[in-house]
Structures are given as structure tokens and as C-alpha cells.
1. I'd like the residue in region 52-74 that is modelled with pLDDT under 80 and of a type in the set (D, E) and, out of all such residues, is surrounded by the fewest Cβ atoms within 10 Å (Cβ to Cβ).
2. Can you pull out every residue in region 137-146 that is at pLDDT 90 or above and surrounded by 14 or more Cβ atoms within 10 Å (Cβ to Cβ)?
3. Hey, among the residues in region 75-119 that are assigned to a strand (DSSP E or B), among the β-branched types (V, I, T) and modelled with pLDDT under 65, which one's farthest from the chain's Cα centre (by Cα)?
4. Can you tell me which residue is modelled with the lowest pLDDT among those in region 147-171 that are under 18 Å from A60 (Cα atoms) and surrounded by 14 or more Cβ atoms within 10 Å (Cβ to Cβ)?
Amino acid sequence: MRETASPPGPGSPGIFLSYRRADSAGYAGRLFDRLAERYGRSRVFMDVEAIGVGTDFVEAIDAAVAWSFSGYDSFQIHADYLFHNFTWTRDTDIKDVFPLYYGIGVRIKLGTTDNGRLSRRTDARVGIRIPGGLSYWLEEAPIEFFVEIVPLLDLVPATDLDLNGAVGARYYFR
């Protein structure tokens with residue numbers, strides 16, 4: 001290691017050490033030790049020490065409007081806070097495009113029929129959503145296709161369990 005560079009200051013960027021675990025973990029570990037000794041342990045990042053299993057995820061907020069085609073026709077609005085987990089395919093060729101996701105959200109459902117017949121009465125339900133699913137991310141575009149299943153706990157007007165399923169697409173604003 002050349003001694004020409006001075007250690008980074010408090011506002012300067014750190015060092016990110018990326019490597020292949022299968023064939024270079026020992027070398028990367030020694031390099032990490034030398035860099036940490038020179039620049040300080042808090043300035044050097046090596047994923048095997050800093051990222052735990054299951055933390056390779058992307059967070060997103062999604063919102064949607066939907067129409068139910070079941071016997072109880074209804075209009076639904078929901079919003080979810082989602083975590084996309086890429087680690088389940090970490091050692092495969094599809095690791096960057098097929099994440100599992102899960103989250104929590106809220107749903108407002110407005111029904112306008114009574115047993116399949118139009119009704120003047122509108123039933124409103126408010127509940128908690130717990131979505132989970134599998135998605136496919138396009139590599140060159142901010143678009144994700146997904147399939148999900150969503151257990152629901154309605155809280156208003158009464159407590160009730162329900163289950164939704166969906167197939168769709170999401171666009172990511174960056």
C-alpha cells in the first residue's frame with residue numbers, strides 16, 4: 001500500500017469493498033483489515049460484516065384503486081409500505097429481478113350492491129392489509145410486475161377477516 005494518500009476526513013466518502021465470497025473471502029478479509037487499520041474501521045464497508053441475512057431489500061410505498069369483480073361489487077383504495085427482499089435468490093442468475101415482497105397497509109372499500117343487485121346503500125369498510133407476493137423487475141425500466149395475496153383485517157364497521165389476490169404492475173418514480 002502506498003503512503004501518498006491521507007486518511008479520509010469526517011465528510012469524505014468511505015471505502016466499499018466488494019468481492020466474490022466463494023473464491024476470495026480470505027484475500028478480501030486481509031484487505032479489509034489493512035484498509036480499516038489505515039482509514040478506520042467505520043470508514044470501510046465490507047458486506048459480510050455489515051449486511052445481515054435478509055437485509056438486501058428495497059422499500060416502497062404503493063397505492064392503488066381497484067374494482068372487485070366478486071359477487072359483492074365494490075370500489076377499493078389502498079396504500080401499502082412494502083419491503084422487497086432479494087436475498088432468497090442471492091446465489092442464482094435471477095437474484096436481481098425476482099424479489100419476494102411483504103408489507104403492511106390500509107384499505108378503504110366502498111360497496112354499492114346488495115347480493116348482486118344495485119342498491120342505494122353504500123357500505124364502507126376500513127381495514128389493515130398485509131400484502132405478500134412475488135415480483136419481476138424490468139432491468140432497464142422502473143417497472144415491476146407482481147402477483148400477490150393479501151390477508152385483510154377489517155376494523156370498521158365491524159371486525160372481519162378477508163383475503164384478496166392481485167396481479168398487476170407498479171411504476172417507480174425516482
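1. Filtering region 52-74 for residues that are modelled with pLDDT under 80 and of a type in the set (D, E), the one surrounded by the fewest Cβ atoms within 10 Å (Cβ to Cβ) comes out as D73.
2. Listed by number, the list holds a single entry, F146.
3. Result: T113.
4. R170
The values are calculated or read from the model by the stated rules, or taken from the named source; none is laboratory data. A quick note: this is a predicted structure, and the numbers were derived from the prediction, not measured. Here the Cβ is made from the backbone with ideal geometry for all residues, glycine too, and neighbour counts use every protein chain on show.
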